[in-house]
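First comes the structure, then the notes that go with it.
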Amino acid sequence: MTLKISRILHAGYVFECDGTRIAFDPVVENPFSRNCHAFPDVRFDHAQFRDVRFDAVFISHFHDDHCSFDSLDLLDRATPIYLYCLFEELFEMVRELGFTDVHQLRIDVPVQVGAIAVIPREAMDADVDSMFHVQAAGLNVLNVVDSWIDPKMLPSLARFAPWDMVLWPFQTMREIEVLSPSRAAPAPPQLPEEWIEQLAALKPRYVVPSSCQFVQEPWSWYNHAFFPITYRQFHDEVGAALPDAQVVRMNPSVSFVLERDCLRAAPPLSWVVPVGEQDVDYQYQGHATPPRTADIARHFPALTAARHARVMDYCATGLLEKYRGMELPEESFFDKPRVWRLSVFDHAGEGTHFHYRIEGDHIEMIAGVPDALSWTTEVPLARLYAALELGEALTSMYMRINDALFDQETEADLCDAELVDDPLIRCLFNDVFGAYQAAQLRRIKERGQVVDIAPVRAY
């Protein structure tokens with residue numbers, strides 16, 4: 001027997017062995033996760049994909065670039081779905097989409113599907129995601145997805161060395177740093193040391209730089225700000241550190257047959273259609289000056305009056321109610337009195353400014369303009385609405401935090417502050433689960449494909 005491995009997109013793969021075909025994190029959308037455009041570019045033949053039959057689909061975690069209901073909606077509803085998630089609500093939503101054979105994955109508990117065994121392995125953030133150990137045709141493949149290996153778990157994985165193939169998430173992503181570019185430290189020019197140490201312990205025959213780079217709208221400054229590590233950098237450093245390993249690039253649609261003594265090219269996935277040049281590399285420009293939030297907001301269309309009112313009402317009342325109902329993190333920047341300004345910019349670049357006084361879990365609006373500020377947040381109006389109603393992720397909101405100079409005491413306190421302590425981030429994303437999938441389900445329901453959809457419960 002041989003094992004055929006094909007790349008879909010991001011962390012999506014198809015594994016085939018002796019008549020068994022399974023998929024991992026099959027996202028067949030571009031853009032995916034609302035505003036992430038595949039790089040290199042691809043399109044998908046959904047008509048062909050609808051005819052593909054999988055013996056099982058495995059989903060590593062609930063993030064929208066791994067678990068997309070618009071993609072799952074294209075699958076036969078009898079397809080067994082194996083999902084790693086701690087929240088029952090997601091399983092209920094998958095069943096509401098129409099799937100009848102839905103299972104919860106357990107760490108280190110094998111799932112045998114025909115000729116292929118899949119063993120979920122514990123990732124660094126075990127509350128969120130998992131990795132996959134695939135055994136087939138006498139081979140061992142480790143799909144790290146886009147999580148990281150906990151050093152405590154490395155010895156248990158090293159027991160299987162040498163691994164035949166490791167699908168490794170090859171980039172550090174600066175999704176937090178772009179929120180406050182004026183305060184972000186420069187990106188290291190090389191791979192993290194622990195990557196090389198962990199790969200050396202795994203002793204892989206083949207290493208695939210996995211989890212795709214992506215770009216956003218053509219005008220976006222993010223297109224050169226997210227990914228400091230290139231395919232070339234990964235190839236050169238891993239190749240130098242692991243001379244017995246071969247670094248193999250797999251663009252979307254590309255397939256290989258993995259055997260005990262070789263890796264050979266195989267016909268690509270016909271329903272994944274490459275567009276343009278594929279052997280491209282991200283051009284990182286961490287030194288570039290980002291545009292103002294007001295200028296970014298001009299790229300988005302005007303909201304309807306009702307949607308505009310929804311955002312304004314949230315800033316005036318809904319945000320305050322949400323904040324008061326949350327528990328403040330330990331050693332929070334806001335555990336002592338602070339003045340926060342939230343600026344929301346419309347399609348014309350005009351800003352509406354809201355001022356709040358925060359102390360602990362208490363928040364109140366301030367009339368007028370305060371004399372001094374402690375924290376600032378800027379966001380385009382259209383993206384704030386999308387986060388409230390459409391499942392927009394923080395990655396593509398173009399939020400800007402603390403792009404200002406404060407008094408000396410505040411600046412000193414900010415040195416120890418976490419950007420994700422931002423009140424708007426916490427109110428939009430903390431204790432909220434499945435917003436993206438819930439928004440997808442609402443749209444699918446509107447198309448008349450699902451009879452009933454239960455509300456998503458916050459945690």
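The values are calculated or read from the model by the stated rules, or taken from the named source; none is laboratory data. All values derive from a computational prediction rather than experimental measurement. Here the Cβ is made from the backbone with ideal geometry for all residues, glycine too, and neighbour counts use every protein chain on show. SASA here: full protein model, heavy atoms, side chains in, ligands and nucleic acids out. Shrake-Rupley method; radii C 1.70, N 1.55, O 1.52, S 1.80 Å.
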Counting all C-alpha pairs of the range 9-94, share separated by more than 22 Å (%): 23 percent
Nonlocal amide H pairs with R43, under 5 Å, H built at 1.01 Å: V273, V275
Listed residues Q104, V144, V52: farthest to the positive end of the dipole of the range 21-157 (Cβ charges): V52
Gyration tensor over alpha-carbon atoms, the chain, equivalent ellipsoid semi-axes in Å: 39, 26, 21
Average accessible area per residue (Å²) across the range 320-451 - probe 1.4 Å, nucleic acids and ligands excluded: 46 Å²
Cut-off under 5 Å, modelled amide H: who pairs with E392 long-range: A387
Carbon and sulfur %, accessible surface of the range 20-89 computed with the full protein complex present, 1.4 Å: 45 percent
With all protein chains modelled, accessible area of C415 [1.4 Å, Å²]: 110 Å²
For the range 428-443, 3J(HN,Hα) per residue [Karplus equation, 6.51 cos²θ - 1.76 cosθ + 1.60, θ = phi - 60°, Hz, x = Gly/Pro]: 7, 10, 6, 6, 10, 10, x, 4, 5, 5, 5, 5, 4, 4, 4, 5
Cβ charges +1 (Lys, Arg) and -1 (Asp, Glu), total dipole of the range 131-226, debye: 220 debye
Bins of 5 Å from zero: percent of alpha-carbon pairs in the range 199-315: 2, 8, 13, 14, 14, 12, 10, 8, 6, 5, 4, 2, 0
Heavy atoms of F62 accessible to a 1.4 Å probe, total area in Å² rounded to 10: 40 Å²
Simple Cβ-charge dipole of the chain, Lys/Arg +1 and Asp/Glu -1, about Cα centre, in debye nearest 20: 1280 debye
Rg(Cα)/(2.2 N^0.38 Å) for the range 264-340, N = residue count: 2.00
Cubic angstrom per residue, convex hull over Cα atoms of the range 97-164: 108 Å³
Long-range amide H partners of R121 with built H, under 5 Å: D108, M131, F132, H133
Spatially proximal lysines relative to K203 (Cα-Cα < 23 Å; intrachain offsets below 8 disregarded): K4, K152
P(r) of the range 347-437 over all Cα-Cα pairs, binned every 10 Å from zero, in whole percent: 13, 43, 35, 9, 0
Cα-centred dipole magnitude for the range 242-286, charges only on beta-carbon of K, R (+1) and D, E (-1), debye, nearest 20: 140 debye
Extension gain, D279 back to Q190 (0.36 nm per residue minus Cα-Cα distance, nm): 30.0 nm
Vicinal HN-Hα couplings computed from phi for the range 79-84 (Karplus, 6.51 cos²θ - 1.76 cosθ + 1.60; Hz; Gly/Pro x): 5, x, 10, 10, 10, 8
Interatomic Cα distance distribution for the range 146-223, bins of 5 angstrom, percent: 3, 12, 19, 21, 16, 11, 9, 6, 2, 0
Degrees between helix 231-241 axis and first principal axis of the chain (Cα, 0 to 90, nearest 10): 60 degrees
Quotient of C-alpha Rg and 2.2 N^0.38 Å, computed over the range 76-129: 1.20
Cα-Cα pairs of the range 76-235 separated by more than 28 Å (percent): 34 percent
Per-residue HN-Hα couplings for the range 151-162 [Karplus 6.51, -1.76, 1.60; θ = phi - 60°; Hz; x = Gly/Pro]: x, 5, 8, 4, x, 5, 7, 5, 4, 8, 5, x
